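Below: the structure, in structure tokens.
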Amino acid sequence: MAKLTWHGHSCFEYETSEGKILIDPFLSGNPKADVGPDDIQGIDAIVVSHGHGDHWGDTVAIAKRTGALVVAAYELANLAADRGCESHGLACGGGRQFDFGHVKLVPAAHGSMTEADPKYATNPCGIVITAEGKTLYHAGDTALTADIKLLGELYRFDCVCLPIGDNYTMGPADALHAARFLSAGLVVPMHFGTFPLIEQDAGAWAAEVRSATGSRCEVLEPGGSVEF
């Protein structure tokens with residue numbers, strides 16, 4: 001049984017029998033986070049979708065304290081290594097089998113400038129993790145694209161995490177189309193409600209997803225978990 005715990009915004013802990021992965025660890029400065037970076041324990045890896053501060057977040061601090069491997073786009077992995085972390089870089093479209101599961105980066109339509117000095121850009125990505133025979137798709141920050149439809153054709157997703165906040169990502173209407181394309185067993189909304197600019201009625205959206213797709217759709221509170 002896989003367990004997914006939401007820590008607000010787009011940060012999740014994903015635990016299977018193969019290991020525990022932290023995704024997009026924006027905790028410091030996140031008004032919705034239920035934990036701080038020092039509360040994260042026992043993780044095997046940190047997987048980061050892109051370089052914006054609300055996703056890269058506490059990656060370096062957590063990785064250095066826990067010894068977790070940072071898996072990210074090649075440039076971000078190099079940044080992590082330069083900061084003293086163990087890291088592994090992937091290119092968008094590339095994947096690798098690790099002890100904690102298989103991680104693949106897939107296209108996302110967004111930006112990815114880091115706040116490192118000097119600032120630089122790299123590819124934004126979505127994340128596909130396969131472990132314990134289950135496949136999770138964390139879409140990162142993305143617009144609705146035909147790539148999402150293709151992913152739905154290539155994979156049978158057990159769980160997908162989709163941004164619904166609008167302004168910087170898909171809004172609820174486009175995210176509903178994404179949920180239709182993906183036909184996942186479980187859909188979890190993310191990247192909403194953290195700041196006034198991305199406030200959304202996630203409960204209403206979840207009801208639409210259930211009606212339109214037949215998928216299970218769960219709206220988590222920060223600190224809340226779901227199993228699948």
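Key figures
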{"read-out": "Pair list, Cβ under 9 Å, 6 or more apart: region 56-76 residue more than 14 Å from Ile40 (Cα to Cα), other residue among the β-branched types (Val, Ile, Thr) and assigned to a helix (DSSP H, G or I)", "value": "Val70/Thr59; Val70/Val60; Ala72/Thr59; Leu76/Thr59"}
{"read-out": "Index of the failed condition, Ala81 passing every other in (1) crowded, with 16+ Cβ neighbours inside 10 Å; (2) at pLDDT 95 or above", "value": "(1)"}
{"read-out": "Top-ranked residue in region 46-72 [being in a loop (DSSP other than H, G, I, E, B) and not acidic (Asp, Glu); ranked as nearest to Gly126 (Cα to Cα)]", "value": "Ser49"}
{"read-out": "Yes/no for Val106 being within 16 Å of the chain's Cα centre (by Cα), at pLDDT 95 or above and surrounded by 19 or more Cβ atoms within 10 Å (Cβ to Cβ)", "value": "yes"}
{"read-out": "Residue count, region 97-148 (criterion: touching a strand residue (DSSP E or B) at 6+ places or on another chain (Cβ under 6 Å) and part of a strand (DSSP E or B))", "value": "16"}
{"read-out": "Hits in region 101-117 (condition: within 17 Å of Tyr137 (Cβ to Cβ) and of a type outside the set (Val, Ile, Thr))", "value": "Gly101, His102, Lys104, Leu105, Pro107, Ala108, Ala109, His110"}
{"read-out": "Residue in region 34-44 that is farther than 20 Å from Gly224 by Cα and in a helix (DSSP H, G or I) present", "value": "no"}
{"read-out": "Gly67 vs. criteria on the phi > 0 side of the Ramachandran plot and touching a Ser or Thr at 6+ places or on another chain (Cβ under 8 Å)", "value": "no"}
{"read-out": "Selected residue [surrounded by fewer than 20 Cβ atoms within 10 Å (Cβ to Cβ), over 26 Å from Ala33 (Cβ atoms) and not basic (Lys, Arg)] from Ser183, Ser225", "value": "Ser183"}
{"read-out": "Residue pairs meeting the criteria (Cβ under 6 Å; at least 6 apart or on separate chains; first within 18 Å of Ala45 (Cα to Cα), in region 127-150; second acidic (Asp, Glu) and in a loop (DSSP other than H, G, I, E, B))", "value": "Ala131/Glu18; Glu132/Glu18; Lys134/Asp158; Thr135/Asp158"}
{"read-out": "Residue within region 77-95 that is touching a residue at least 40 places away in the same chain (Cβ under 8 Å), out of contact with any Pro (no Cβ under 7 Å at 6 or more places or on another chain) and assigned to a strand (DSSP E or B) present", "value": "no"}
{"read-out": "Close pairs from region 1-28: first within 20 Å of Glu199 (Cβ to Cβ), partner surrounded by fewer than 24 Cβ atoms within 10 Å (Cβ to Cβ) and basic (Lys, Arg), Cβ under 7 Å, at least 6 apart", "value": "Gly8/Lys32; His9/Lys32"}
{"read-out": "Strands (runs of 3 or more DSSP E) contained in region 153-228 and holding at least 1 residues under 13 Å from His9 (Cα atoms) and under 16 Å from the mean Cα position of the chain (by Cα)", "value": "159-163, 186-190"}
{"read-out": "Matching residues, region 84-102, being surrounded by 14 or more Cβ atoms within 10 Å (Cβ to Cβ) and of a type in the set (Lys, Arg)", "value": "none"}
{"read-out": "Residues (farther than 18 Å from Ile23 by Cβ and either among the β-branched types (Val, Ile, Thr) or touching a strand residue (DSSP E or B) at 6+ places or on another chain (Cβ under 8 Å) (or both)) located in region 149-174", "value": "Arg156"}
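The values are calculated or read from the model by the stated rules, or taken from the named source; none is laboratory data. These numbers come from a predicted model, not from an experiment. Note: ideal-geometry Cβ built from the backbone for every residue, glycine included; neighbour counts use all protein chains shown.
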